[in-house]
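I have placed the structure first, in the form of structure tokens, so that the comments after it can refer back to it.
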Amino acid sequence: MNNTGFFAADILLPKADYEKWSVVACDQFTSEPHYWAKTKEITEGYNSTYNLVLPEAYLSSDNSSLVASINANMSVYLEEGIFNEYKDAMIFVERTLPKGKVRYGIVGAVDLEEYDFSKGSKSLIRATEGTVLERIPPRVEIRKDAPLELPHVMLLIDDIERTVIEPLKNAKLTVLYDFELMQGGGHLKGSLIPKDMQEKILCALEALKAKGGESPLLFAVGDGNHSLATAKTCYNNAPNELNKYALTEIVNIHDEALEFEPIYRVIFNVDTDDFIKELTETFTDGPKTIEWYTKDSRGEVHTSGLTVGSLQPFIDSYLAKHPEAECDYIHGVESTLSLANADNRVGLIFDGMDKSELFPFVCEKGSLPRKTFSMGEAESKRYYTEARKIVK
């Protein structure tokens, strides 16, 4: 009996044109709509996941027409038979990142009954950051009537002995896709994992689970916290035998190619002098540095402990007093500095957490502050490739 919460799934893959099919996770480049405009230009006239997702750069108070279009596109793709379906499948993923390193993973489905995103959860699958409940409803609107799901969720396992994923690196597998990703995303190769190897994967996961004691943390959500929380909410609201599961990729936190990057902050529509005055009065001492940038100046303040653990409450408090101001969460120093180089904006750059701290922190203290870390910069994120039916 499989008690790991991870399962094979009926996975859909397009029959052709992977280069145009796969686009980066919708929660990337949220303040850089030119990236998505270029993606639209590249995919125009092709079957593409761009037509099946709603980039968060385009989220608004009323997304109904866009959501209706997405659902219609999904139905058309299913009716036109653009997919091959692989029954009871797991896929071994080899992702060559923009800087040349290769990150390895396994795509399969997780049982959402084993996942709880509430604070203090002791579930087998846990959130790693605080879930912002008001972010769930607009995402539920996108998913609740969708016939398909496309995953950008990545779950981490703490497998220091490399027993689950790494044995696949030297296996002779049937290649399903092997192509260059658009817009500097690197390269993606996926291979079908045969049934006997699936059983070995599940046995290795069982052994990892057994090491976790009475309340084991087997999977920590690395990317896509709010997407998985949305899937769980949709399942709770209208359960069926398909949406009980969510398609994800599992990755070993000890993978050498997996890097934790800080997620920086840019404050928009702000009186920069006032913001910096409060910042400098709040953060006066400590070994950790927070650098601030405006269009015309820069400086730094200091704090101790987990940097974002003290910075995020400060930002939340400031925004509560200044509702005209907004905060966005930015991947990469270059993007942060570029966005800060305009009137009425402040960019904040700071030290991140080491990935070795993640599992002990979540086990001991629960979830991190939201947007504490990113698994690589934006171009290294998961690209939508696989799909799965979530309604009959």
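Points worth noting:
- Spin-label model, Asp88 to Ala68: label points 7 Å out along the Cα-to-beta-carbon direction sit 4.2 nm apart.
- Surface accessible to a 1.4 Å probe, per residue, for the residues of the range 30-175, Å²: 47 Å²
- Net charge contributed by nearby residues that have their C-beta within less than 13 Å of Glu241 (K/R +1, D/E -1): +1
- Atom-type composition of the exposed protein surface of the chain places 48 percent of the accessible area on carbon and sulfur (1.4 angstrom probe).
- The GluC sites (Glu not before Pro) found in the range 115-178 that occupy coil by DSSP, while having at most 13 further C-beta atoms within 10 Å, are Glu161.
- Per-residue extension of 0.36 nm, minus the Cα-Cα distance of Tyr329 and Ala16, leaves a gain of 109.2 nm for this segment.
- For the residue pairs Lys15/Lys209; Lys122/Lys381; Lys200/Lys381; Lys99/Lys169; Lys144/Lys200, the C-alpha atoms sit more than 29 angstrom apart in Lys15/Lys209; Lys144/Lys200.
- Inter-part distance where the range 1-55 and the range 320-374 are each reduced to a Cα centre, Å: 25 Å
- With Cα atoms, 0 to 90° folded angle of helix 307-321 axis to the chain main axis: 70 degrees
- Using the Cβ-Cβ distance between Lys365 and Glu41 with R0 = 30 Å, the FRET efficiency computed as 1/(1 + (r/R0)^6) comes to roughly 0.10.
- Crossing angle, helix 33-43 versus the chain [Cα axis fit, 0-90 degrees, rounded to tens]: 20 degrees
- Multiplying the residue separation of Thr280 and Asn344 by 0.36 nm and removing their Cα-Cα distance gives an extension gain of 21.3 nm.
- Under 16 Å from the Cα of Lys38 - lysines, other chains or at least 8 residues apart: Lys20
The values are calculated or read from the model by the stated rules, or taken from the named source; none is laboratory data. No experiment lies behind these values; they were computed from the predicted model shown. Neighbour counts run over all protein chains shown; Cβ positions are idealised from the backbone, glycine included. The area values use the complete protein model at the heavy-atom level, side chains included, leaving out ligands, DNA and RNA. Shrake-Rupley method; radii C 1.70, N 1.55, O 1.52, S 1.80 Å.
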